[in-house]
Each structure stands twice: as structure tokens, then as C-alpha cells.
Amino acid sequence: MALLEILCYPDPRLHKIAKTVDVFDERLDELVKNMAQTMYEAPGVGLAATQVDAHEKIIVIDTSDTRDELLVLVNPKVIWQSEENKSWREGCLSVPDFFDEVVRPDKIVVKAQNVKGDFFEMEAEGLMSVCIQHEMDHLIGKVFVEYLSPLKRARIKNKMKKRERP
Ligand code: NI
């Protein structure tokens with residue numbers, strides 16, 4: 001296993017669109033393991049392949065307190081979402097030290113594949129729902145700060161650029 005480098009906003013590679021995974025082989029298994037290790041090490045509750053510059057539809061999530069309930073979603077699709085929305089204070093490993101409120105559907109049903117290619121469906125609410133939606137946004141090149149006002153976003157960009165300097 002290996003730790004992967006996490007891209008930081010406003011890196012343009014965070015805006016690439018991920019491709020569908022259609023080969024479920026050892027390479028995929030290795031990538032998923034490395035993504036999980038990178039997420040646990042960060043530490044974070046979720047990581048999308050986009051964030052480690054692998055532009056494939058893969059996300060890893062663990063919202064448990066014990067950090068031993070890894071969820072892997074390959075080619076995830078939201079097949080139902082509640083009309084009711086909820087606001088959560090979100091953060092992102094690609095935007096360290098920034099947190100802000102984002103409004104999203106409260107509950108969702110997702111269809112995805114596991115690392116072997118088997119399809120499954122799951123219903124999610126609360127933190128899990130937020131997390132899946134946040135990570136799925138990464139796969140379409142969207143970072144959560146894009147839900148914020150242009151002013152806030154500009155401020156975050158400036159601060160992130162300052163961080164990059166040695
Ligand atoms: Ni994120």
C-alpha cells in the first residue's frame with residue numbers, strides 16, 4: 001500500500017470528469033486500498049479518486065467513529081433523492097482548514113458497484129448522505145466551495161495560494 005498525494009484546491013485537475021470503471025482487476029483493488037489508506041491517514045471521512053489525480057468513478061468513505069467500516073463505491077449513481085434538504089457544515093481534504101454550510105438533499109438511494117464489480121444499492125441519510133454526495137461531486141469535477149458565494153470562494157482561493165508558498 002502507498003499513500004497518495006491529495007490535490008489541493010484550486011488545482012485545475014480537481015475539475016476533471018471521472019471515467020466509468022469497467023475493469024475490476026488487481027490494479028483497481030490496489031488503487032482502492034491506497035485511497036483508503038490515504039483517507040485514514042489524512043484523516044478524513046471520504047475521498048474521491050479525483051482528489052488523488054485518478055480520474056475514475058471511485059469513492060471511499062468511512063464515517064464510523066471506530067474507523068473500521070470502509071465503504072467503497074465504484075460507478076455510484078443517485079437513483080433517488082428526498083425533496084427535503086438539509087444543511088451541513090462540510091469540509092474537504094482538498095481544501096484544508098475550511099468549513100462551510102452546504103444544502104443538499106437529506107436522504108438518497110445510491111446504486112454502485114463494489115471492488116469486484118457486483119452491483120448494490122444503499123439508502124443513506126445524515127453524514128453518510130452528505131459524504132456520498134460530496135464525494136460524487138468530486139467525480140464530476142466539483143469542489144464543495146463552488147456552492148459558496150463568489151466572494152467566499154475568492155477568499156478561499158487566496159488563502160490556499162498563500163499556503164502553497166514555501
Ligand atoms: Ni472533498
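Quick look at the numbers
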{"read-out": "Residues that are farther than 26 Å from Val115 by Cβ, open to solvent by 30 Å² or more (accessible area, probe 1.4 Å) and away from the ligand (no atom under 16 Å from the Cβ), drawn from the stretch 76-90", "value": "Glu83, Glu84, Asn85, Lys86, Ser87"}
{"read-out": "Residues of the stretch 9-25 that turn out to be out of contact with any strand residue (DSSP E or B) (no Cβ under 7 Å at 6 or more places or on another chain) and either among the aliphatic types (A, V, I, L, M) or open to solvent by 40 Å² or more (accessible area, probe 1.4 Å) (or both), as a count", "value": "10"}
{"read-out": "Positions within the stretch 114-166 being of a type in the set (S, T, N, Q), surrounded by fewer than 19 Cβ atoms within 10 Å (Cβ to Cβ) and touching a residue at least 40 places away in the same chain (Cβ under 8 Å), in sequence order", "value": "Asn114"}
{"read-out": "Meets criteria (assigned to a helix (DSSP H, G or I) and among the basic types (Lys, Arg)) for Lys86", "value": "no"}
{"read-out": "Leading residue by the ranking (farthest from the ligand (Cβ to nearest atom)) among those in the stretch 91-120 that are within 25 Å of Cys8 (Cα to Cα) and of a type in the set (A, V, I, L, M)", "value": "Val103"}
{"read-out": "Every pair of residues 6+ apart whose Cβ atoms lie under 6 Å, when the first sits in the stretch 97-113 and is open to solvent by 10 Å² or more (accessible area, probe 1.4 Å) while the second is among the hydrophobic types (A, V, I, L, M, F, W, C)", "value": "Phe98/Ile156; Asp100/Leu148; Val109/Ile79; Val109/Trp80; Lys111/Ile79; Gln113/Val74; Gln113/Phe119"}
{"read-out": "Filtered residues of the stretch 26-51 (kept if within 16 Å of the ligand (Cβ to nearest atom) and either surrounded by 19 or more Cβ atoms within 10 Å (Cβ to Cβ) or within 11 Å of the chain's Cα centre (by Cα) (or both))", "value": "Met35, Thr38, Met39, Gly44, Val45, Gly46, Leu47, Ala48, Ala49, Thr50, Gln51"}
{"read-out": "Any hit, the stretch 52-75, residues being part of a helix (DSSP H, G or I), modelled with pLDDT of 95 or more and either open to solvent by less than 20 Å² (accessible area, probe 1.4 Å) or not hydroxyl-bearing (Ser, Thr, Tyr) (or both)", "value": "yes"}
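The values are calculated or read from the model by the stated rules, or taken from the named source; none is laboratory data. Remember, it's a predicted structure, so these values are computed and weren't measured experimentally. Here Cβ is always computed from backbone atoms with ideal geometry, including for glycine, and neighbour counts include all displayed protein chains. Side chains included, ligands, DNA and RNA excluded: accessible areas come from the protein's heavy atoms. Shrake-Rupley method; radii C 1.70, N 1.55, O 1.52, S 1.80 Å.
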